[in-house]
Amino acid sequence: MPSLSPTMTQGNIAKWRKKEGGPVAPGDVLCEIETDKATLEMEAMDEGFLAKILCGDGSKDIPVGQAIAIVVDSEEEVPQFKDYKADKAVSSSPPKEKSAPKEEASKPSPTPSPPKPSSPSQSEPPNLGTESTIADAGDRVFASPLARKIAAEKNVPLSSLKGTGPNGRIVKADVEEFLASGAKAPSQRPLERPLPSLDFTDIPNTQIRRITAQRLLFSKQTIPHYYLTVDTRVDNLLALRTKLNNLQEASGGKRISINDFVLKAAAMALKKVPECNSSWTDEYIRQYHNVNISVAVQTDFGLLVPVVQNADKKGLAAIAEDVKLLAEKAKKNSLKPADYEGGTFTVSNLGGPFGVKQFCAIINPPQACILAVGTTEKRVISDSEGGFTTATYMSSTLSCDHRVVDGAIGARWLGAFKSYIEDPITLIL
């Protein structure tokens, strides 16, 4: 199993393109491997014959470096591996339950030795009433067999009693005194009503979705998030977009979206406030000179974040071309490592496609910031003459890693972003 991305530790076999016994040549696609980022093709490095496939279609969680197939030099060697099985090969069939417990059950169990007062039991869970219990502090509670029997019948937890016997042992008199004092033992748990039968479908998690879940959980648990929201007036941007799209249509170019303006404005703001274009380490804060904007794209395979490289140096038309190409590749699950590696800042837009007014996004580590963009909406505002007019606004929320970006720095970045959005002609100068 090859390492096809810097964060890849294991992979799944989606599909084998070559069959056992067939010839392979350098550059031939052997199989499709599902990594933590995308489904990629594994190419043959040498000429030979595919003697044995050790991990078939659908094999999951194969560690990097584990053998998944055997390639030999000559066709005559292929039959030698017909019945070959590798101990560490992963089967494509669902794993069977281990039979070790059954084997152990078939062996005669040794006679249990009586418990030693000096060492608490490590193998049996605490059982209130019928067994000696382990207190919260880890101290074992000792009781005589008769005291345990009475406590079990009366549903008295031994941990609530103080023993008066030798070495603090709980004896029959301690249990009887507890009952005579009128103290109430905890009532037995009432029988739970059975839940109604639920109709459901279990949907297996793809490798991409599992890795995304792990990274998002890691982000929320280890990164101190804080959030800043700003409203930007976008009437000038919408007017400029209309003019530019007329020119694009006349020249056969791609239409420019509001999100393309957002990406360009975010990139330019990062040049003004480079502290937000950084990553945290325990020894130092790494500030990037490249401005590579990751764009969140929802697909049937999960959430992917392809990267627009050097967005600060590209025009709006070039950004529009890149975004549309990357989005198409993401939805086909055909992104290459170069398409999703190296991002320094992320933009997630739920406004345009879904009409979400405002939301807070989770930081994409090791980045320090992510911008969540909401939809545009008309608002009634007062004009300079004391009357009222309408204006179009858009809400954007910046999530920051407080270890890297202080509140004032995040506010400076949002101020720069707001100025570019409200005066978009500066984006094309």
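The simple spin-label model puts a point 7 Å past each Cα toward its Cβ; for Val230 and Arg255 those points are separated by 2.8 nm.
Taking 0.36 nm per residue of sequence separation and removing the Cα-Cα distance, the Tyr284/Ala239 pair yields an extension gain of 11.8 nm. Just so you know, the averaged projected area of the alpha carbon convex hull for segment 315-429 sits at 9.7 nm².
Would you list, by chain and number, the aspartates and glutamates whose Cα falls below 15 Å from the Cα of Lys324, excluding same-chain residues fewer than 8 positions away? Within the straight-line cut-off, Lys324 pairs with Asp260, Asp339. As a rough guide to protection, the peptides 421-428, 169-176, 202-209 ranked by mean Cβ packing within 10 Å, highest first, stand as 169-176, 421-428, 202-209.
The DSSP beta bridges internal to segment 274-415 are antiparallel in roughly 75% of cases.
Distance cut-off 23 Å, Cα to Cα: go down the list Lys254/Lys329; Lys19/Lys85; Lys271/Lys329; Lys37/Lys82; Lys15/Lys329; Lys18/Lys60 and report the pairs above it. With Cα atoms farther than 23 Å apart: Lys271/Lys329; Lys37/Lys82.
Work out the FRET efficiency for Val29 and Arg215 from their Cβ-Cβ distance, taking R0 = 30 Å, and round it to the nearest 0.05.
That pair, Val29 with Arg215, gives E of 0.60.
Per-atom-type breakdown for segment 279-429 gives carbon and sulfur 54% of the accessible area (1.4 Å probe, protein chains only). So for segment 259-379, considering every pair of alpha-carbon atoms, how many percent are separated by more than 22 Å? Cα-Cα pairs in segment 259-379 separated by more than 22 Å: 33 percent. Summed over the residues of segment 223-317 and divided among them, the accessible surface reaches 48 Å² per residue at a probe radius of 1.4 Å. Averaging 1/r across all pairs of distinct Cα atoms in segment 345-408 and inverting the result yields a Kirkwood radius of 13.5 Å.
The values are calculated or read from the model by the stated rules, or taken from the named source; none is laboratory data. No experiment lies behind these values; they were computed from the predicted model shown. Here Cβ is always computed from backbone atoms with ideal geometry, including for glycine, and neighbour counts include all displayed protein chains. For the accessible areas, the whole protein counts, side chains as well, though only heavy atoms, and no ligand, DNA or RNA atoms are used. Shrake-Rupley method; radii C 1.70, N 1.55, O 1.52, S 1.80 Å.
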